[in-house]
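Participant: Sending over a structure as structure tokens; questions will come in a sec.
The values are calculated or read from the model by the stated rules, or taken from the named source; none is laboratory data. Nothing here was measured: the structure is a model prediction, and the numbers come from that model. Note that each Cβ is placed from the backbone with ideal geometry, even for glycine, and that neighbours are counted across all protein chains shown. Calculation scope for accessible area: heavy atoms of the full protein, side chains included, ligands and nucleic acids excluded. Shrake-Rupley method; radii C 1.70, N 1.55, O 1.52, S 1.80 Å.
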Amino acid sequence: MNLFAKIAITTIAVVFVLGLVFAALLLVYHPGAKPITSAEAEGLVLKDMQQAYPNATFNVISVSKSNLTKDSWNIVLNVAYNYTRACPEVMTEGFDYPAVNLVPSDEILYSSNCELYGFGAAPDYIISNPYIAIVRAYDSDNSSIRNYIEEYGYNNTYVYANFYRNASPSLSSVGINSTDSWIISYKAANAKEELYARMSNNGSIIETVIANST
């Protein structure tokens, strides 16, 4: 073997060894990934849910430290599907991120198929969610509500709910006292009239009022 060949082989060997040493140093001294913050975890979970279910609405209920592992977060969301209709599907979903990635670790279904689960079994039931209020109003079998939806069609009727601590001047003008009440409004496309249902926070329909649509 000539001198040039020996030098080339030696050079390749040295470069190879140096490469191994450099890789080992990277493994030893390269800092670990920065722990994710609660805000970052919340944002990633919400982004994933919004992409997976574009026709749903989400509300963060709580964010807390994970009980499973260090540097993970327990994120609980309220989720409502078909939320502008008379019978939204309502649930809570819990995520432990990034410990179990973006797979729900807990899920509670509150309503589905126009039925509110657990309502009759709880005498002190308090409605604290607008979508549950909407389901309860429909599930109450109130004839005015049912007749309005049947007349204009389920998919043509948009439904919204708000809780009022005090009287609303705009609602007072159409004859509704909204104090300490849920007000569920029903507005059908192209309808000349809008239906308002006043409901107590325990789910009892107090009154319904038909008013000219604005």
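Participant: Among rounded, prolate and oblate, which fits the range 88-169 when a ≥ b ≥ c are the square roots of the eigenvalues of its C-alpha gyration tensor, a/c under 1.5 means rounded, and a/b larger than b/c means prolate?
Facilitator: prolate
Participant: Which whole-number value in Å² is the accessible area per residue of the range 64-214, probe 1.4 Å?
Facilitator: For the range 64-214, the per-residue accessible area is 52 Å².
Participant: Tell me whether the range 137-214 comes out rounded, prolate or oblate; compute the Cα gyration tensor, take square roots of the eigenvalues as a ≥ b ≥ c, and use a/c under 1.5 as the rounded threshold.
Facilitator: Details: a/c = 2.12, a/b = 1.33, b/c = 1.60.
Since a/c reaches 1.5 but b/c is at least a/b, the shape of the range 137-214 is classed as oblate.
Participant: Roughly to the nearest percent, how much of the accessible area of the range 155-214 is carbon and sulfur, given a 1.4 Å probe?
Facilitator: Result for the range 155-214: 43 percent of the exposed heavy-atom area is carbon or sulfur.
Participant: By what distance, in whole Å, do the Cα atoms of the range 63-214 stretch along each of the three principal axes, largest value first?
Facilitator: Each principal axis gives a Cα extent; for the range 63-214 these are 57, 31, 31 Å.
Participant: On average over all directions, what projected area in square nanometres does the range 28-139 have, based on the convex hull of its Cα atoms?
Facilitator: Value for the range 28-139: 8.5 nm².
Participant: So, one more: How far is it, in nm, from the label point at Arg165 to the one at Ser38 when both lie 7 Å from their Cα along the line to the Cβ?
Facilitator: Between Arg165 and Ser38, the label points sit 2.4 nm apart.
Participant: With just the Cα atoms defining each centre, how far is the range 54-126 from the range 154-206? Give it in Å.
Facilitator: Each part reduced to its Cα centre gives a spacing of 25 Å.
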